[in-house]
Amino acid sequence: MSEFLKQIVGWLADEVEGEETASALCAYLLVPGLVLLTAAFIVGDQGLGAGLEKPLAVARIQSAITPGGDPQTGSGLVMILEPTDFRFRLPLESTDRAGAWTSLEPEVLKADPGAVQVDSTGITANAPFLGENRPVAIVTEGSPAGKIQLPGRTDVLEAWRLTSRRSSNLMFTVLAASAFGFGISLARFRSPVSVKKKHGDGEVGGQKDKN
Amino acid sequence: MLALLVAAFLIGSLLLVHFSAADRPLSRSKPLDVDEGLPYPAAGQSSTVFSLTALFGAYYGIFVLVGPVAAAGLAVGSVVGLAWIRKEVRDRPHLRFEGFVRSILGEGENGRTAGKLISGTQFLYAASELLILREICVTALGLAPHHATVFATGLGVIGYLYILFGGYDAVFRTDVLQFLMVMAMIALVAFQVGGVLETGLAIGGITEARAGYWEVPGTSRPNASSAPVYHFGLGLVMGAGFLIASPDAWKRVHVLTADSDRRRVRFIVLVLAGVLPFFLLTPLVLAARPAIPDGLVNVQQPLAVLLQSKYVTVGAVLGLAASFLSSFDSALLSGVHVGLLSSAPEERSKSDIVAYHWMISGALASTCLVFFALLGPPNQFLLANFLLGPFALVAALLAGSGGRADDLPAGSVLWLSLLGLVTWFIYFTARVDLGRGPTTYQINTVPAGVTLFAVIYSLSLVLRSGAVDN
């Protein structure tokens, strides 16, 4: 990693030959890149390593419907857990019926007893689950306490609410388009510098002197 | 499908800008001195006004809460503002746009101060666009807050790249594409709203202002006989002031006026494009009017129609993105250009392309910093509301100085600006609950903004006449 960084710094030092190139580097690469990274960093609570999507999505169950009956108040949680390294505990207010339904096969739960644990005060899960490489659904009864316990910290449950796929799709679409634009920006910055090195004149960032 | 269309629109416009810029690259010595070959300035003007209507909700809110008389004032004010700019351009014949701006700002300290004030206002306006776009994405389109932050930032960076690659050429060309997107969105929404229109028409009282909004001073009755004149006057000053203080509007009018070919017809087209959003708003207002209660604003309410069918949702996302890009780019580029032209003479010894790169990257950085800093407060419309004051201040200084900042006594622009900004800041923080979400009562800051305009305008007139006498 340090060698890679040294190469990048060396490349930048070679490329920056005076204020004109420095300003172009700033405008074409540094500032837009830093802005995008800052946005990703602000919203990625687990840093860039975990990406912009959280490994857990939670939806509250608030009603129950029976065949032929009126809707009634219900209380529970649905959790969708991605197959990634993630451990959490969801405290639940005391309930007489402690239990959960999962999309895991019984054999998986038998082989890995600590994968999902339920008691009257909450539910704990340790992902990834043995032999499972798809998202796992867990449903449990009980009123959530409004928080989620993670290794080293506690977070509000609302921040882990299930979001729509439209939301993710639009965000990644704009990110992809930004990356595309960034690529054009890099090419426009890079190619005139090489022209300048070869011929010692001409353009910066694609500009020609009209005068 | 929605994501694919958004990607196609954004990547397509980036490629359009890239190839357009390759064909007409920026000049090293004067990268923004482009007056020729800029197409359809009316498209950009319409998109900007539409942004005020749909994104900011300012014009829409005034139409709904105060009534059509105030909206008519806004429309007439827009015409007055454009006419003022045209008069100033015609009073300076044979000047390129850069020469025109320099003649307005002058070469002295007043001009540098006014230039910085105008630039700063435009950058803050761009930041407010980001905040409001994010808010609409969260409340109306259902994006998660963190996704909306990345969405808005990404669009902002894409808009910045348009300007960086192609300057005015890129902005004017993408304005046309964005105008078509906005019109498509309006057509889809109007088609969707058509069924609700009959309900709206059946509800009476659409000509009256609601109690508690723009009430005539000295009277407690919401619809005093003087109310229409008062509302029209406030709308007129607001509409005119916004355009007088907007250097992107100066650019569009200059492009039309400097071109001798059918200049009057083209100016009329520009004016019509500027008031078009008001006429297109009418069915939406009639349909939505009863559904916006006083107090806390639920942004989702008036925009709920956007999610009623997948085609409207697609059109809405593209239209909102297009409207945002048009206004954001115009504000950022015009702020950069005025900032460059108002720099001190000793700073102009640098190659302009260098200054352009530093200025534009600084503009993006500062705009986004303000955006990130203001993500916390519950009211994402605060900054836009606050900008009423700076816009009124700039418009008053320009109008009061007769379009020549140098005609005012040296240093007076600085003191008038400080007076105006401090006064406005004190009023705004006392009047608006900063810890609360957006409310309908925020439009009641408009009369104070108009008062600020009147005071600074009067002071400028007095100072100017004193300077001329001396």
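The values are calculated or read from the model by the stated rules, or taken from the named source; none is laboratory data. This is a predicted model, so every value here is computed, not measured. Using ideal geometry, Cβ is built from the backbone for each residue, glycine included, and neighbour counts are taken over all protein chains shown. Heavy atoms of the whole protein, side chains included, go into the accessibility calculation; ligands, DNA and RNA do not. Shrake-Rupley method; radii C 1.70, N 1.55, O 1.52, S 1.80 Å.
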For this session: Would you check if B:R92 is over 23 Å from B:D329 (Cα atoms) and surrounded by fewer than 21 Cβ atoms within 10 Å (Cβ to Cβ)?
Result: yes
Problem set entry | Test result for B:A114, surrounded by fewer than 20 Cβ atoms within 10 Å (Cβ to Cβ), away from chain A (no Cβ under 14 Å) and farther than 24 Å from A:A27 by Cβ | no
Problem set entry | Test result for B:A355, closer than 18 Å to B:G335 by Cβ and buried (at least 17 other Cβ atoms within 10 Å of the Cβ) | yes
Exercise. Is at least one residue of region B:28-43 facing another protein chain (nearest Cβ under 7 Å), aliphatic (A, V, I, L, M), out of contact with any strand residue (DSSP E or B) (no Cβ under 8 Å at 6 or more places or on another chain) and surrounded by 14 or more Cβ atoms within 10 Å (Cβ to Cβ)?
Worked result: no
Seminar exercise, completed: Among the residues of region B:122-140, the number that are over 13 Å from the mean Cα position of the chain (by Cα) and among the aromatic types (F, W, Y) is 0
For this session: Could you look through region B:3-27, keep only residues that are touching a helix residue (DSSP H, G or I) at 6+ places or on another chain (Cβ under 6 Å) and among the hydroxyl-bearing types (S, T, Y), and pick out the one that is nearest to the other protein chains (Cβ to nearest Cβ)?
Result: B:S13
Seminar exercise, completed: Going through (1) within 14 Å of another protein chain (Cβ to nearest Cβ); (2) open to solvent by less than 10 Å² (accessible area, probe 1.4 Å) one by one, B:R134 fails only at (2)
Problem set entry | Residues within region A:37-74 that are closer than 17 Å to A:L162 by Cβ and at pLDDT 85 or above, tallied | 9
Exercise. If you take just the helices (runs of 4 or more DSSP H) that sit entirely in region B:341-452, which of them hold at least 3 residues that are β-branched (V, I, T) and within 14 Å of chain A (Cβ to nearest Cβ)?
Worked result: B:352-373
For this session: Return the only residue of B:G77, B:G73 being under 16 Å from the mean Cα position of the chain (by Cα), within 30 Å of B:R134 (Cα to Cα) and touching a residue at least 40 places away in the same chain (Cβ under 8 Å).
Result: B:G77
Seminar exercise, completed: Filtering region B:9-29 for residues that are under 13 Å from B:L164 (Cα atoms), part of a helix (DSSP H, G or I) and of a type in the set (S, T, Y) leaves a count of 1
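Residues are listed down the side, and each one gets a yes or a no for (1) open to solvent by less than 30 Å² (accessible area, probe 1.4 Å); (2) at pLDDT below 85; (3) assigned to a loop (DSSP other than H, G, I, E, B):
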{"residue": "A:V78", "(1), (2), (3)": "no, no, no"}
{"residue": "A:R87", "(1), (2), (3)": "no, no, no"}
{"residue": "A:D96", "(1), (2), (3)": "no, yes, yes"}
{"residue": "A:I138", "(1), (2), (3)": "yes, no, no"}
For this session: Kindly indicate whether B:P290 is within 24 Å of the chain's Cα centre (by Cα), modelled with pLDDT under 80 and farther than 30 Å from B:A365 by Cα.
Result: no
Seminar exercise, completed: B:G212: passes all of (1) at pLDDT 80 or above; (2) surrounded by 15 or more Cβ atoms within 10 Å (Cβ to Cβ) but (2)
Problem set entry | Residue in region A:157-165 that is of a type in the set (G, A, S), touching a residue at least 40 places away in the same chain (Cβ under 8 Å), part of a helix (DSSP H, G or I) and within 11 Å of chain B (Cβ to nearest Cβ) present | yes
For this session: Please work out if B:L130 is modelled with pLDDT of 75 or more, under 30 Å from A:A24 (Cβ atoms) and in contact with a Gly (Cβ under 8 Å, 6 or more places away or on another chain).
Result: yes
